[in-house]
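Take a look at the structure below.
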2 protein chains.
Amino acid sequence: MASQLPRPEVRPPARVRLLLIQLGYHAARRLNARLEPLGLEPRHYGVLRAIAAREGATQQAVGSRLDLAPPRMVALIDDLEKRGLVERRRNPSDRRAYGLFLTASGRSCLDEALAAAESEEEALLGGLDPAQRAQLELLLREIAEHQGLGDAVLP
Amino acid sequence: MASQLPRPEVRPPARVRLLLIQLGYHAARRLNARLEPLGLEPRHYGVLRAIAAREGATQQAVGSRLDLAPPRMVALIDDLEKRGLVERRRNPSDRRAYGLFLTASGRSCLDEALAAAESEEEALLGGLDPAQRAQLELLLREIAEHQGLGDAVLP
DNA sequence: TATTGTTATACTCTATAACTATA
DNA sequence: TATAGTTATAGAGTATAACAATA
């Protein structure tokens, strides 16, 4: 009997959780669209940033920071090296390991990507005034902290 | 020369865009984790909700609403039917098409899933008081509208 | 001929396991 | 023997194209 109560098929209007998921997805897609003209896929963008943050680090170091398995890193660095954005330099004191470095072209590519991300932020928040933006950032940070996501932010 | 300026490798602290992407991803993962014990994968959850919102709709109707290609719908409905959550009923007036309906077990499964989503919302917003929650929802809705995402919300 | 649903096929992505070269 | 990186292999997931039944 109880199972045949008239249920509201349509739930109450979208909640915060749903909004977050959708907006996060939307923001990610928009960013990717801005990266595409630069020839950068999201995964490459992430690796580029991680290398820039710790130039000279080994593949494994960067990989474990991004939670990418070794074979995955090999493929990604292969891509970036083929495109002349990243360079593998042998470590003379341990000839098994490589140090990863951005090339000049890699630096400028990353700069463009960061600028694209910046302008995407602007487009995303276009409807909010500065006070609202600050408030939103505060609330989101609060949630992130409460969820223990402090370290998930890359650099 | 200009290319050799000391650049801040580490960007200014995470921005709203990044926070949104990360929190959205986090929220989606948390929800999926809550759905798993019910034997529901995210894709099935979405289809279940779409069917509940318009019971009797054809596969194509549901599929186009969720932006899923026909072969994908076939596989998904196969899954759900095999698990006794959804039923295909032939349409007598057009014997090519099926109408999709939830079974009793499908309804209760969806109910549990919706309850799980509800409790996940609670967990997610645990750090905010009611006024903050309302404010956050307002700000997010503002962005969603400004981004033209009005219809992306399912039901 | 057009449409609903289905099946068959190919492709991308990723993860796991085996291998090499240094240490 | 252990470790950094690589290669080979296998699997999941998805998209595209061809197909059957009905209109």
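Taken together, the values in this text are just the output of simple stated rules run on the coordinates, not laboratory data. All figures in this text were calculated on a predicted structure; none of them were measured in a lab. Cβ coordinates were reconstructed from backbone atoms using ideal geometry, including for glycine residues, and neighbour counts include every protein chain displayed.
Could you count how many residues in the range B:31-89 are within 14 Å of chain A (Cβ to nearest Cβ), near DNA strand C (Cβ under 9 Å from one of its atoms) and among the acidic types (D, E)?
Total satisfying the criteria: 0.
Quick one: which of B:R133, B:R141, B:R107 is outside any loop (DSSP other than H, G, I, E, B) and farther than 27 Å from B:I51 by Cα? Please lay out each step first, then the result.
On the way: B:R141 fails: farther than 27 Å from B:I51 by Cα; B:R107 fails: farther than 27 Å from B:I51 by Cα.
Among B:R133, B:R141, B:R107, only B:R133 is outside any loop (DSSP other than H, G, I, E, B) and farther than 27 Å from B:I51 by Cα.
Filter the range A:60-90 for residues that are part of a loop (DSSP other than H, G, I, E, B) and more than 11 Å from DNA strand D (Cβ to nearest atom); which is nearest to A:R107 (Cα to Cα)? Break it down into steps so the answer makes sense when it comes.
Within the range A:60-90, the first condition is being part of a loop (DSSP other than H, G, I, E, B), and the residues that meet it are A:67-69, A:83-85.
From the residues that got through so far, the ones that are more than 11 Å from DNA strand D (Cβ to nearest atom) too are A:67, A:83-85.
Details: A:D67: 23, A:R83: 13, A:G84: 11, A:L85: 7 Å.
Among those residues, the one meeting the criterion is A:L85.
Only residues that are part of a helix (DSSP H, G or I) and surrounded by 19 or more Cβ atoms within 10 Å (Cβ to Cβ): list them for the range A:37-47, please.
Filtering the range A:37-47 for residues part of a helix (DSSP H, G or I) gives A:37-38, A:42-47.
A:H44, A:Y45, A:V47 - these are the residues of the range A:37-47 that are part of a helix (DSSP H, G or I) and surrounded by 19 or more Cβ atoms within 10 Å (Cβ to Cβ).
Before we move on, is B:R107 surrounded by fewer than 16 Cβ atoms within 10 Å (Cβ to Cβ) and either within 16 Å of DNA strand C (Cβ to nearest atom) or at the interface with chain A (Cβ under 10 Å from one of its Cβ atoms) (or both)? Break it down into steps so the answer makes sense when it comes.
On the way: surrounded by fewer than 16 Cβ atoms within 10 Å (Cβ to Cβ): no; either within 16 Å of DNA strand C (Cβ to nearest atom) or at the interface with chain A (Cβ under 10 Å from one of its Cβ atoms) (or both): yes.
The answer is no for B:R107.
Of the residues that sit in the range A:54-78 and are among the charged types (D, E, K, R) and closer than 14 Å to A:L102 by Cβ, which one is nearest to the chain's Cα centre (by Cα)? Lay out the reasoning, then the answer.
Step one: of the range A:54-78, the residues among the charged types (D, E, K, R) are A:54-55, A:65, A:67, A:72, A:78.
Okay, now just the ones that are also closer than 14 Å to A:L102 by Cβ, so A:54-55.
Values: A:R54: 16, A:E55: 18 Å.
Here the answer is A:R54.
Going residue by residue through the range A:130-146, is there one that turns out to be within 16 Å of the chain's Cα centre (by Cα), touching a residue at least 40 places away in the same chain (Cβ under 8 Å) and closer than 23 Å to A:A28 by Cβ?
The answer is no; no qualifying residue exists.
Six or more apart or on different chains, Cβ under 8 Å: which pairs go from a residue in the range B:92-120 that's free of Cβ contacts under 8 Å to residues at least 40 places away in the same chain to one that's surrounded by 12 or more Cβ atoms within 10 Å (Cβ to Cβ) and among the small types (G, A, S)? Could you list them?
Matching pairs, first to second residue: B:T103/B:G84; B:S105/B:G84.
Test of understanding: among B:A116, B:A50, B:A33, B:A27, which residue is surrounded by 14 or more Cβ atoms within 10 Å (Cβ to Cβ) and closer than 26 Å to A:P42 by Cβ?
Details: B:A116 fails: closer than 26 Å to A:P42 by Cβ; B:A50 fails: closer than 26 Å to A:P42 by Cβ; B:A33 fails: surrounded by 14 or more Cβ atoms within 10 Å (Cβ to Cβ).
Criteria check complete, one pass: B:A27.
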